[in-house]
């Protein structure tokens, strides 16, 4: 019976730059946006507001009590505000459009292998137009079998992203539909992008803006 070697091979591991940061105090990450986000899902949310009313009724609080009246008035206000918010979004953005994958162009970063590769293959089997941005190269035969088009691109470089998006627009016959979130999301993958490169990556192609 073969014996296993007692020596263990050590593999050097280098953590990404995002982990190479000094520890900050807990209050360093608290800002106005975070506070407003939390309030939007707690105090200012209609569901939570009506839960408070139900809790008061569970304690047999009479409707005539001031705390019950305040809770009900607040819940009604949050409900009306939420309804007006939905109406505002519908007026601003219109009704949700039907998505036909054969008429869409899906851009996936890091889609050669891993989870990105699985997503690319899955949507490729559903006859969607898949464009993958990755530093790794893929054989043309493999790309054709998967139904995916690969573009060699470093997503941390705004100029390469701009060139890749322009090539995607030229290669596909279907116009890219989306907003500035697409390229902003691509740019977020680099931790050392300065403000100028953020702006450049965000404004790559005006055809991507609404």
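Taken over segment 109-142, the criterion of being crowded, with 20+ Cβ neighbours inside 10 Å and under 17 Å from the mean Cα position of the chain (by Cα) is satisfied by 111, 120, 132, 133. Screening residue 94 with (1) on the phi > 0 side of the Ramachandran plot; (2) surrounded by fewer than 12 Cβ atoms within 10 Å (Cβ to Cβ); (3) modelled with pLDDT under 85 gives one miss only, at (3). Can you tell me which residue is nearest to residue 81 (Cα to Cα) among those in segment 1-41 that are in a helix (DSSP H, G or I) and modelled with pLDDT under 60? If we take residues in segment 1-41 being in a helix (DSSP H, G or I) and modelled with pLDDT under 60, then 18 is nearest to residue 81 (Cα to Cα).
Is it true that residue 131 is under 22 Å from residue 170 (Cβ atoms) and either not in a helix (DSSP H, G or I) or not assigned by TED's automatic domain parsing to the domain that holds residue 170 (or both)?
Spelling it out, residue 131 is indeed under 22 Å from residue 170 (Cβ atoms) and either not in a helix (DSSP H, G or I) or not assigned by TED's automatic domain parsing to the domain that holds residue 170 (or both).
Scoring residue 200 on the criteria (1) modelled with pLDDT under 70; (2) surrounded by fewer than 16 Cβ atoms within 10 Å (Cβ to Cβ); (3) more than 18 Å from the chain's Cα centre (by Cα) leaves a single failure, condition (2).
What are the residues in segment 83-109 that are in contact (Cβ under 8 Å) with a residue 60 or more places away in the chain and assigned to a loop (DSSP other than H, G, I, E, B), if any?
Within segment 83-109, 104 is the sole residue that qualifies.
Exactly one condition in (1) assigned to a helix (DSSP H, G or I); (2) surrounded by fewer than 16 Cβ atoms within 10 Å (Cβ to Cβ) is false for residue 72; which is it? Result: residue 72 passes all but (2).
Only one of the numbered conditions (1) farther than 29 Å from residue 86 by Cα; (2) outside any helix (DSSP H, G or I) is not met by residue 44, and that is (1).
The values are calculated or read from the model by the stated rules, or taken from the named source; none is laboratory data. Just so we're clear, the structure is a prediction, and the values are computed from it rather than from any experiment. Every residue, glycine among them, receives a Cβ derived from its backbone with ideal geometry; neighbour counts consider all protein chains shown.
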